[in-house]
Amino acid sequence: NNSTEYLLPHLPLEEKNGFIMDSNSKKRCEIQFKNHIIEGGYGIIHDSHRIIDSYIHECYVKYPKNNTNNSFLNEALLQHISYLTLKKYNIDYMIAEVYDIYKRRDNSIMFSMEKKHGLGMIHFLLESKTPELDFINCLIQMCIILIILNFKHS
């Protein structure tokens, strides 16, 4: 039994027109998907626009490849809590902010998030003039984040 199952009926719902409607049938925002996607092992990150009134904001929307994996709610909540925790230490730039956690009519969970610009760690190290030093610096930053978020590896 998923401890977050009680949240499912209360999540905003995506309408066919791309509007995200909250549980009071109030329009939260509109999501417009662009053409570019990044496909992972079990999920898709879709380059998107998030529109509130006439303000268009770049974002990513993450959703499962199929509706068999609803761990996306847990992932979205973990990312949101991690962002808020890092924000207390003024290092929230290290993780994308979650904007919306919502579901489709088929009950698949989706979430929109801040679009971060930069390089992945591998590309960063491949382009670095001092890869050994930069690897150590990246490792130190990841360790600091994990300590702050209080993850324990067992």
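Tabulated data for the structure shown
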read-out	value
Search result, residues across segment 108-121 that are in contact with an Asp or Glu (Cβ under 8 Å, 6 or more places away or on another chain) and surrounded by 12 or more Cβ atoms within 10 Å (Cβ to Cβ)	M110, F111, S112, M113, E114, K115
Neighbours by Cβ (under 9 Å, 6+ apart or cross-chain): first from segment 24-37, under 7 Å from S48 (Cβ atoms); second at pLDDT 90 or above and open to solvent by 90 Å² or more (accessible area, probe 1.4 Å)	Q32/I56
Tally, over segment 70-93, of residues that are open to solvent by 50 Å² or more (accessible area, probe 1.4 Å), among the hydroxyl-bearing types (S, T, Y) and part of a helix (DSSP H, G or I)	1
Sole exception among (1) without any contact (Cβ under 8 Å) to a residue 24 or more places away in the chain; (2) open to solvent by less than 50 Å² (accessible area, probe 1.4 Å) for A96, by number	(1)
Lone unmet requirement of (1) open to solvent by 60 Å² or more (accessible area, probe 1.4 Å); (2) under 25 Å from L149 (Cα atoms) for N17	(2)
Strands (runs of 3 or more DSSP E) contained in segment 2-54 and holding at least 2 residues of a type outside the set (A, V, I, L, M)	27-39, 43-52
Options R50, R105: the member that is under 16 Å from F19 (Cα atoms), open to solvent by 20 Å² or more (accessible area, probe 1.4 Å) and at pLDDT below 90	R105
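The values are calculated or read from the model by the stated rules, or taken from the named source; none is laboratory data. All values reported here derive from a predicted model rather than from experimental measurement. Please note: Cβ atoms are built from the backbone with ideal geometry, for glycine as well, and neighbour counts cover all protein chains shown. Note: areas computed on protein heavy atoms with side chains; ligands, DNA, RNA excluded. Shrake-Rupley method; radii C 1.70, N 1.55, O 1.52, S 1.80 Å.
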